[in-house]
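Peer 1: I am attaching a structure below and will ask some questions about it afterwards.
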Amino acid sequence: MPLKIGIITTGQSPRNEYVSFHENALAAMGVEVTVTEKACLDGLTREQIAEHEISPSDGLGIGCYVHNDTPDDRRMGAGWEEIFVGQTWYLERAQACIDAHVAEGVDMVLMCCAEMYPEGALSCPVPLLLPYQLMFDLVRRQAEVRGGLKLALLLPTEWHIDQDRATWTSQPWMDKVESHFGIGIADGKALDQLAPEGPFDLALIWGYGDGLAPHDPETLLADISERLGCPTVTPNVLNVFNARMLMTPAWPERIHVRS
């Protein structure tokens, strides 16, 4: 029987590219899963959501895509709009999504958001993967063994820049990390800003799903790696690889051994 995986998206559904990505990536790793999506802002009118919109100067927030009668969004197409909502309210909605997934019997929950959350903000009785924790762990370990790390951080929009600078100085071990920020992933502006500052040891996409949206360039991640000359890691890939390690049956390692 397929494992039941619940994903949580920050805005409104459907995010079909997320559902298909997680199902197909895990299938490629040898497990059959059924992925169901719950979106934090589903069930709300645009007017209700607007009551919780903030500007970056107002405090911590979360970027999300919602439905609206707007011109085509550069990444998502017609009928979508990217907005910024208050983090505290969003976390209440996210916890409700977790609870709903658990009530439906999922085996695991994957948060489709790269932002850092306050410690203990979310709870779940089944495995819950938070991408910021996975990215922190990757960078911390490499910085420790290398004695330092030059990191390129690619941000989707300028909305998050002050928040993201604070995030990447929030942990004691980050004094070993030389962080460089580039703003604008889909349009290539982040690369233009970062390339002259290289070479880098590692690049992180600090935004979930960049490269997956319907109108993202198909070679986005390959182009970033080539131009920056370093591995490029996305939160969605970290999610699926770590999810696979927490699943049964275990990865069939033996089939990769040459006789």
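Peer 1: Starting from the Kirkwood Rh over alpha-carbon pairs, what translational D in µm² s⁻¹ does region 132-234 have by Stokes-Einstein at 37 °C and 0.692 mPa s?
Peer 2: Estimated diffusion coefficient is 239 µm²/s.
Peer 1: While we're looking at this one, here's another question. Say R0 is 41 Å: what FRET efficiency, to the nearest 0.05, do E178 and A121 get from their beta-carbon distance?
Peer 2: The value I calculate is 0.90.
Peer 1: Go through 24-35, 80-91 and give me the packing order, highest mean Cβ count within 10 Å leading.
Peer 2: 80-91, 24-35
Peer 1: If Lys and Arg each add +1 and Asp and Glu each add -1, what is the summed charge of the other residues whose beta carbon sits under 12 Å from the beta carbon of A114?
Peer 2: Spelling it out: positives minus negatives among the neighbours equals -3.
Peer 1: Further question: Round to the nearest 10 and report in Å² the accessible area of L44, as given by a 1.4 Å probe over the protein chains' heavy atoms.
Peer 2: Its heavy atoms expose roughly 40 Å² to the probe.
Peer 1: Return the carbon/sulfur percentage of the accessible area of the chain, one whole number, probe 1.4 Å, all protein chains in place. Present the calculation step by step, with values, prior to reporting the outcome.
Peer 2: Working: 6430 of 12520 Å².
Summing carbon and sulfur atoms, their accessible area is 51 percent of the total for the chain.
Peer 1: Relative contact order (percent) for the chain, with alpha-carbon contacts under 8 angstrom and 6 or more residues of separation?
Peer 2: On the way: 459 pairs, mean separation 47.0, N = 259.
Dividing the mean separation by the residue count of the chain yields 18 percent.
Peer 1: Something else about it: Under 18 Å between alpha carbons, and skipping anything fewer than 8 positions from K4 in its own chain: which aspartates and glutamates qualify?
Peer 2: Hits, sequence-local ones excluded: E17, E23, E32, E37, D99, E104, D107.
Peer 1: When we measure straight from the Cα of K189, which lysines land under 24 angstrom away, once same-chain ones fewer than 8 places off are left out?
Peer 2: Within reach: K150.
Peer 1: For region 208-259, report the accessible area per residue in Å² (1.4 Å probe, heavy atoms, rounded to an integer).
Peer 2: 64
The values are calculated or read from the model by the stated rules, or taken from the named source; none is laboratory data. What you are looking at is a predicted structure, and each value in this text was computed from that prediction instead of being measured. When we count neighbours, we look across all protein chains shown, and the Cβ atoms used for this are built from the backbone with ideal geometry, even at glycine. Please note that ligands, DNA and RNA were not included when accessible areas were found on the heavy atoms of the full protein model with its side chains. Shrake-Rupley method; radii C 1.70, N 1.55, O 1.52, S 1.80 Å.
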